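Taken together, the values in this text are just the output of simple stated rules run on the coordinates, not laboratory data. As the structure is a computational prediction, the values presented were derived from the model and not from experiment. Glycine also receives a Cβ, built like all others from the backbone with ideal geometry; neighbour counts cover every protein chain displayed.
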Amino acid sequence: MKFVAIFFIILGLGWKLVAILTAWAKKDPNNENRQRILSFIEKNPGSTVNAIGTDLGIKRGTVRYHVSNLKDAGKILMFRNGNYVSLFRNESALWNKNHKRIEPHLPGATCKKVCSVIYENPGITNMELCEKLGLSKGAVSSHIRTLEEIDCLEVEISGKYKNYSLREGYHPDELPLFERIR
């Protein structure tokens, strides 16, 4: 009878030990999935949970769990962009109010291209943007409107045309994400 009681006590302690070790492993900052996700966010700023899960082959729930841990550890920043949450590496020293205003709009490849073309061609018009990007006037106008709303464009009216340039503080050499959009 004592043998059975001792067996169950050891079994109970064993399960408790397993639970403690599992919890410790989950909080491990060197967790392989967490490191892969952090690396992906660094290479693909503005990624979403769905994009990370699809590209890395990790289930969405697992990605959410690790993203939550990375956010709690202060390693990533999250920005709501419409219905999506965009994820960025927390590079505190590089962030200022301009970064926080424009970067949630940069994950879209088209917005990145619009910003990049405007930077490379200061004073460009909407029609020239359409030609260079191969987009409709409406698509380009939508992105221009977004960039105007966050006040990162300088608009100069020349006759019936508007010429666009990026404002001071929004130039690619001052915004870390522009380095990665080309």
Return the distance in nm (one decimal) between the two label points of a simple spin-label model at Ser141 and Asn50, each offset 7 Å from Cα along Cα→Cβ. 2.8 nm
Distance in nm between label sites at Lys59 and Asp151, each 7 Å beyond Cα in the beta-carbon direction? 4.6 nm
Quick one: which residues, 5+ away or cross-chain, put their amide H under 5 Å from the amide H of Leu153? H built at 1.01 Å from N. Arg167
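Provide, as a two-decimal number, the C-alpha radius of gyration of the stretch 33-74 over 2.2 N^0.38 Å, N being how many residues it has.
On the way: Rg = 9.0 Å, N = 42, 2.2 N^0.38 = 9.1 Å.
After normalising by residue count via 2.2 N^0.38 Å, the value is 0.99.
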Length added when fully stretched, Lys132-Thr110, from 0.36 nm per residue minus Cα-Cα: 6.7 nm
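Tell me, in nm to one decimal, what length is gained between Lys43 and Ala5 on full extension, where the rule is 0.36 nm per residue of separation less the Cα-Cα distance?
The Lys43-Ala5 span can extend by a further 8.1 nm.
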Give me the distance in nm between label points sitting 7 Å out from Cα along the Cα-to-Cβ direction at Phe79 and Asn31, one decimal. 2.6 nm
